[in-house]
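The structure appears below as C-alpha cells.
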Amino acid sequence: MAGYPKGAQPQDFIKGWPHPELLSRAELRAALTESFHKGLEMSEETLNYGDKANGAYMLGHPRFLQGLAKFLEQQYQAPTDPKTLMSTIGASMGTDLCFRIYGKPGDICVFEEPTYFLAFTMARNSFL
C-alpha cells in the first residue's frame, strides 16, 4: 500500500478523521505551512467582519467563488454563475443552512449510510 503508513489498519471513517500517522508526514506539514503563510498574507481580506461595503464577503471571497464556478463548469460541463454560489466554513454550516432553509417542523428526513455524523442531530433540532 504505497503512500500509507507501515502496518496501516482499516479505519472508521464515520467522523472523517485521518489516521494520526498521516498528520506527521512531511508533505502535509509543508502544504499546511504554505497554506497558512498565504492565509496570513490575505488575512485583511479573509478574516474580516461587517458588511460588503466595508470589505466583508458574506457569501465567500469573489476570487474563490470565480475559481469554484470555473471548476464546476469544467467538472459538469454546464455554465455556472459565481453569483449563485456560496461558500461555508464546513460541512456543519452547509448542512445546517440547508435544514434551516428547506426544512420545516414535522418534515421527515432520510439519510444514506454512512452519512455526516452530526446530520441526525441537526435534522432533529431543525424539524422539531
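The values are calculated or read from the model by the stated rules, or taken from the named source; none is laboratory data. Predicted model only: the values in this text are computed from it and were never measured. Here the Cβ is made from the backbone with ideal geometry for all residues, glycine too, and neighbour counts use every protein chain on show. Heavy atoms of the whole protein, side chains included, go into the accessibility calculation; ligands, DNA and RNA do not. Shrake-Rupley method; radii C 1.70, N 1.55, O 1.52, S 1.80 Å.
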Discussion item. Can you give the local net charge around residue 39? Use residues other than it whose beta-carbon is closer than 15 angstrom to its beta-carbon, Lys and Arg +1, Asp and Glu -1.
Written reply: -2
Practice prompt. Quantify, in whole percent, the carbon and sulfur part of the accessible surface of region 56-122 (1.4 Å probe; protein heavy atoms only).
Written response: 61 percent
Worksheet, complete the sentence: Between residue 44 and residue 75, the two model label points (7 Å from Cα along the beta-carbon direction) sit apart by a distance in nm of 3.2 nm
